[in-house]
2 protein chains.
Amino acid sequence: MTQHDAVEIITAKRDRHELTDSQIDWVIANYTDGVVADEQMSSLAMAILLNGMNRREISRWTNAMIASGERMDFSTLSRPTSDKHSTGGVGDKITLPLAPLVAACGVAVPQLSGRGLGHTGGTLDKLEAIPGWRAALSNDEMMTQLEDIGAVICAAGTGLAPADKKLYALRDVTGTVEAIPLIASSIMSKKIAEGTGSLVLDVKVGTGAFMKDLDRARELAETMVSLGKDAGVHTVALLTDMSTPLGLTAGNAIEVAESVEVLAGGGPADVVELTVALAREMLAGAGVTDIDPADKLADGSAMDVWKAMIRAQDGDPDAPMARAREQHVVDAPASGVLTRLDAMAVGLASWRLGAGRAKQGDAVQDGAGVVWHARPGDEVTQGQPLFTLLTDEPERFDRALESLEGGYDIGDGAGFTPQALVIDRVS
Amino acid sequence: MTQHDAVEIITAKRDRHELTDSQIDWVIANYTDGVVADEQMSSLAMAILLNGMNRREISRWTNAMIASGERMDFSTLSRPTSDKHSTGGVGDKITLPLAPLVAACGVAVPQLSGRGLGHTGGTLDKLEAIPGWRAALSNDEMMTQLEDIGAVICAAGTGLAPADKKLYALRDVTGTVEAIPLIASSIMSKKIAEGTGSLVLDVKVGTGAFMKDLDRARELAETMVSLGKDAGVHTVALLTDMSTPLGLTAGNAIEVAESVEVLAGGGPADVVELTVALAREMLAGAGVTDIDPADKLADGSAMDVWKAMIRAQDGDPDAPMARAREQHVVDAPASGVLTRLDAMAVGLASWRLGAGRAKQGDAVQDGAGVVWHARPGDEVTQGQPLFTLLTDEPERFDRALESLEGGYDIGDGAGFTPQALVIDRVS
């Protein structure tokens, strides 16, 4: 590898030059090894955030992060693989019904997930509300489960893209999270290293999403799709609405329960719609176009995979889950039509009730969260329950109620048009 | 102090907001104390470099750095104080004759200096070529010497602006040196904390200077002058040429010898010109306008102060200094007029010969350096000595000769006009 110098690379990006392939390879490899110091990488990250990277630079950066660790290989499986990644939203439990649904259609889903931080929940935190369920699997356990059951949702091991793990933690404390080149390469390095054959990205847009604005969400989606293609992974992105939270629940156990309703053929219409839309994309990416995933929800086969998947990771899908010790009901202050329900307000309330964590390593409450009893477009009557707040610690109610203030509107419904859930598709 | 958070402050500057006084106070105090981590300060420094700070922010930033340490107080001295700061150049030995000259005119000069890093030499490195001379003085020794002799050149203690010391070292490794707000506040925080009553800034412009371009040098000068005024320190800046090195020598012992020539009433015309111009500004800043410093060079009184000043710090001004063990002469390759002598080329050659250090803590060679035997405008004859390269380690000659390649032009002199030494004055 050509020898470089951290200051040379930082000043190049600072002065709006393109980084060479060799500079990118060097800085990622040497950051992983500790030769490039955190304070050097953080000033480089800020220069990238403010001055950008072009597609070639982002692609090389992604490959260098992949090369910093191991790559998984599912080519020995008897079925094709497809995975999904969501950029994170409120009430976004879609992975839970989606992975077993796609597996029920014959495509294996190797879903490496993370824990939540801030107002969006983490898939692993939700599943851990199921008694006995464990997130950590060895690579061998993962392969066996994929072959036998077809779906696995587990914690990403430390071997995949270690450069990204280190950089992600650094960005979190240095104000450099919001750089599209760094977000795109972070997500795609893990997904490409994970070895999936095809990938569907659910890029959220709206108040409860990381990307508040459609143009930036589209830019992120396009960047990630092109990175996937460069790496030979069939990649499609859906831009989906996150101005309103998904379904009727945000929390851990309550989101698992809602997911099980969907797997049982019921559940909120929007959760079903997005689950099926993403399943179709995942199946198409894996070359399966003759199966309608909606049928597999209706006939119970997705539920069978779900139960097998939970049991394979020592969970009991039929055991009762934790319930919050305390609840507080917010009644509708007026009669009319619910015209707005703000995803960020609900996400913050759920987080403050104990469903999420303030910093890495904190515990979460399995039973905490928010249930809303109406969705935009629904009629409500003054005095009916509008929200149920759940927590083990009643002192948390006040701050949760504060987050909900101004987070919804009830009007006469004139001129109300529902926001489409799937806004656009990028391929 | 209002509580803040490092990420809040970084993202504010990243998103082009002004930092509040409270944010600036908090981040400097907490960086000094280690609460704000290096990787956070470096991403903030990059955001400042790329997005700038306004005058209020720079002024507050400077004051916060001063407040991080002690302030000196010379108000009990029987004479006024005046100091000079140069942004650094090649062959810039001006402090050596200037401090005793101004003292000989009745104004005390408390000059806290640094060591060299890179292609520009350090004043302390030069003086340490004098046998016995020591750079470290206690505050009491400094006061006594200022009262008795009127001039002191010594190392800055660790108590002045510790935030700046920490930040300066960080900027050096994170590509964030070249931010005018950070350069200006770094220089001015030390000079204001040092407690001088008036200050003259020698802002160098040209290939051998930190600022290559006149507009940026002027912006730096104006920023520093306004910071000085805000702090109640009478401050003036001269913009002076550093496309050509000063005098005829760059090194340590050889620059001391050249300075002594100036103090003896001789020496290169440009060194005399700049020394006298800066002395006039320093005297005027301290309210002394009836003395012509040129007289004090002619009558030997500046030389008397020099000898007393060196002796007070245990140096022997009459002892022979180290001479380099090896020399290599470069002859003029053609006859004609020397039309260009590049300061950076000469500075790099001197550095590579051992007069400067590659990293903090390295030793320098007292005898190493470059002597040039002509200045731009001088006629030279093919085969006459043009440069004499000096070092203790002859293996250094090759790389020093490389730096000189292309570093000078000999022509017929048609159209040659000498560059004015003092380009402008900012007050």
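Descriptive notes on the structure:
- Each copy carries B:I291; placing its label point 7 Å along the C-beta direction from Cα gives inter-copy distances of 9.6 nm, listed from smallest up.
- Three-way shape label, segment B:6-52, alpha-carbon gyration tensor, a/c 1.5: oblate
- Its relative contact order, with pairs defined as Cα atoms under 8 Å and 6+ residues apart, puts chain A at 20 percent.
- Share, in percent, of DSSP beta bridges within chain B that are antiparallel, nearest 5: 55 percent
- Between the alpha-carbon centres of segment A:339-358 and segment A:116-188 there is a gap of 21 Å.
- Choice from A:D270, A:D83, A:D318 showing the highest fluctuation, given a GNM over chain A with Cα pairs closer than 10 Å: A:D318
- Between B:A253, B:A179, B:A279, the residue with the greatest mean-square fluctuation in the GNM of chain B (Cα pairs under 10 Å linked by springs) is B:A179.
- Two numbers describe the Cα atoms of the protein assembly as shown: Rg and Dmax, which are 34.8, 109 Å.
- Both chains summed, the buried accessible area for A and B stands near 1600 Å², from protein heavy atoms and a 1.4 Å probe.
- Each pair of Cα atoms in chain A enters the Kirkwood radius, and Stokes-Einstein at 20 °C and 1.002 mPa s then converts it into a translational diffusion coefficient of 96 µm²/s.
- Sorting B:157-163, B:90-96 by their mean Cβ neighbour count within 10 Å, with the most densely packed peptide first, gives B:90-96, B:157-163.
- Averaged over the residues of peptide B:169-178, the number of Cβ atoms from other protein chains lying within 10 Å of each residue's Cβ is 6.
- A 1.4 Å probe over all protein chains sorts B:R399, A:R325 by accessible area into A:R325, B:R399, starting with the largest.
- The Cα-based radius of gyration and maximum Cα-Cα distance (Dmax) for segment A:326-411 are 13.2, 43 Å.
- For segment A:47-64, the Karplus equation 6.51 cos²θ - 1.76 cosθ + 1.60, evaluated at θ = phi - 60°, returns couplings of 5, 5, 4, 7, 10, x, 9, 7, 4, 4, 4, 5, 5, 5, 4, 4, 4, 5 Hz by residue, with Gly and Pro reported as x.
- For the set A:Y168, B:Y31, solvent exposure ranked by accessible area (probe 1.4 Å, protein chains only) runs largest to smallest as A:Y168, B:Y31.
- Considering only the protein assembly as shown, percent of DSSP beta bridges that pair antiparallel, nearest 5: 55 percent
- Across peptide B:43-53, the mean count of Cβ atoms from other chains lying within 10 Å of each residue's own Cβ comes to 6.
- Of interest is the spacing of the C-alpha centroids, which for segment A:208-254 and segment B:261-322 amounts to 71 Å.
- Overall shape: oblate for segment B:213-339, with the ratio a/c of the largest to smallest alpha carbon gyration tensor axis at 1.5 or above and b/c at least equal to a/b.
- Accessible surface of segment A:234-276 [probe 1.4 Å, protein heavy atoms]: carbon and sulfur percent: 63 percent
- Å² per residue, accessible surface of segment B:326-411 at 1.4 Å: 45 Å²
- Counting all C-alpha pairs of segment A:145-190, share separated by more than 15 Å (%): 54 percent
- Inter-copy label distances at A:D392 (7 Å, Cα→Cβ; nm, one decimal): 7.0
- The same position B:K229 in the other copies lies at 5.8 nm from this copy, comparing label points 7 Å beyond Cα toward the beta-carbon, shortest first.
- Calculated mean residue ellipticity, 222 nm, the protein assembly as shown: -13000 deg cm²/dmol, from DSSP H runs (n ≥ 4) at -39500 (n - 2.57) each, averaged per residue and rounded to 500.
- Within a Gaussian network of chain B (alpha carbon springs, distance under 10 Å), most fluctuating of B:E326, B:E57, B:E39: B:E39
- Accessible surface of segment B:326-411, 1.4 Å probe, proportion on carbon and sulfur as whole %: 45 percent
- Take each residue in A:406-413, count the other chain C-beta atoms within 10 Å of its C-beta, and the mean is 0.
- Residues whose placed amide H lies under 5 Å from that of A:A151, excluding near-sequence neighbours: A:V109
- The trypsin sites (Lys or Arg not before Pro) of segment A:1-56 meeting both criteria, a DSSP state outside H, G, I, E and B (loop) and at most 15 other C-beta atoms within 10 angstrom of the site's C-beta, are A:R16.
The values are calculated or read from the model by the stated rules, or taken from the named source; none is laboratory data. Here the structure is a predicted model, which means the values were calculated and not measured. Cβ: placed from backbone, ideal geometry, glycine included. Neighbour counts: every protein chain shown. Just so you know, the surface numbers come from the protein's heavy atoms only, side chains and all, with ligands and any DNA or RNA stripped out. Shrake-Rupley method; radii C 1.70, N 1.55, O 1.52, S 1.80 Å.
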